[in-house]
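Notes follow once the structure below has been shown.
What follows draws every value from the coordinates through simple rules; no lab data is involved. All of these numbers come straight from a predicted model, not from anything done at the bench. All Cβ positions, even for glycine, are placed from backbone atoms using ideal geometry, and neighbour counts span all protein chains on display.
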């Protein structure tokens, strides 16, 4: 420990106050005299779902400068600030002793691994994946003199400002690289040349509808693999370990057996985050059985290149086609009838091959750029962690 620094117990330099939870029946969604904003963890990332509750002595209030900690589940350890209102039970407000702790110093400590790692260890051991103030009371906190805390905070703020700029640039570049591919992909199918024809999908491909296997048929043990909705991501096949059926089913349900290279599409929750759930069956799922609400597509290779069809199914045009045929966007589903009648545009076979080769080349370049920017983002995150570690070990 650096000269002049002390190590204190967290509970000796900071108090904590848990939130309150009024019944949902008391929530209102328009501002009104006598009411206060009710803060949940989601509200610190967006103002889309503003909620208000009646002023009450039972409320636990926070101000914009207060620092709160997420207490449960996936949000445990989240450090939140810059909001005022009454906070709920999933949050805990910190009340640091400002005679010994600078507020900004304390905030940086809470986001550092020096606090986060032991906190997550405590939460992992809890049945509710959470923590209480007693669980963190004895956590060690480095406490240099206030002037030293403030000096280090200035250094951190300057460094983090530069890191934030670099991160924003990397994220923008990553977004631009992906947008370039999406733009080119869309233009291929909207700026059609001579010789393009449009036909219903069922006339140029074989479409297989899945079978409604019982939930009791499935096992986590090895057997015959099954392709379920959960296997179909947005342009990505997701392997899992809970989709096994008895080996005897392979012959009994051969009619719903799917081959490597087939295209599979989710008929339920077809659109996720504005992307169509469509994927290509990998080699290790060759011969897998197709579950209900998933369809398989095998192209007539003479008329339609499978890679060309997959590219078309990845476009915004197809997303729009699905959205136009559902009653609610909360869970956009695609009927097997609408899939069969979906119009598919295609040029002559030779041009299809040329287009898919160009798209594959551009996709590889995009993925290369994406990996570069993703590595840069990871390096920036590690640098931030390193700076925080140096700050709380007296190396700055």
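Some observations on this one:
- In nm, spacing of pseudo-spin labels at residue 390 and residue 61 (7 Å Cα→C-beta vector): 4.2 nm
- Helix 146-190 vs. the chain, principal-axis angle (Cα, 0 to 90°, nearest 10): 10 degrees
- When 371, 269 are sorted by how many other C-beta atoms sit within 10 angstrom of their C-beta, beginning with the fewest, the order is 371, 269.
- Helical content alone sets the calculated 222 nm signal of the chain at -12000 deg cm²/dmol, taking -39,500 (n - 2.57) per DSSP H segment of four or more residues and averaging over every residue.
- Exposure proxy order (Cβ contacts within 10 Å, fewest to most) of 31, 99, 365: 99, 31, 365
- Shape class for the range 1-83: prolate, because the ratio a/c of the largest to smallest gyration tensor axis (alpha-carbon atoms, square roots of eigenvalues) is 1.5 or more and a/b beats b/c.
- Cα-based shape type of the range 144-195, given that a ≥ b ≥ c are square roots of the gyration tensor eigenvalues and the cut on a/c is 1.5: prolate
- Among 238-244, 223-229, the order from most to least packed when residues are scored by Cβ within 10 Å on average: 223-229, 238-244
- Mean sequence separation of contacting Cα pairs (under 8 Å, at least six apart), scaled by the length of the range 197-346, corresponds to a relative contact order of 33 percent.
- Space enclosed by the convex hull of the alpha-carbon atoms of the range 197-346, per residue, Å³: 107 Å³
- A straight line joining the Cα centroids of the range 64-121 and the range 327-396 runs 33 Å.
- Volume per residue of the C-alpha convex hull in the chain, rounded to whole Å³: 199 Å³
- Taking the C-alpha atoms only, the angle from helix 113-125 to the longest principal axis of the chain is near 70 degrees.
- Here the label points at residue 30 and residue 379, each 7 Å from Cα along the C-beta direction, are separated by 5.4 nm in the simple model.
- Cα-based helix-to-principal-axis angle, 349-392 vs the chain, degrees rounded to 10: 10 degrees
- Residue 196/residue 173 FRET efficiency (R0 56 Å; Cβ-Cβ; nearest 0.05): 0.95
- Counting only DSSP beta bridges whose two residues both lie in the range 197-346, roughly 85 percent are antiparallel.
- Across the chain, Cα pairs under 8 Å and at least six residues apart give a relative contact order of 17 percent.
- 42, 178 arranged by Cβ crowding within 10 Å, fewest neighbours leading: 42, 178
- Potential extension, residue 251-residue 324 segment - 0.36 nm per residue separation minus Cα distance: 22.4 nm
- Intensity falloff of the range 6-144 expressed as log10 I(q)/I(0), Debye formula with alpha-carbon point scatterers, at q = 0.09, 0.13, 0.16, 0.17 Å⁻¹: -0.28, -0.57, -0.83, -0.93
- Counting DSSP beta bridges with both ends in the chain, the antiparallel % (nearest 5): 90 percent
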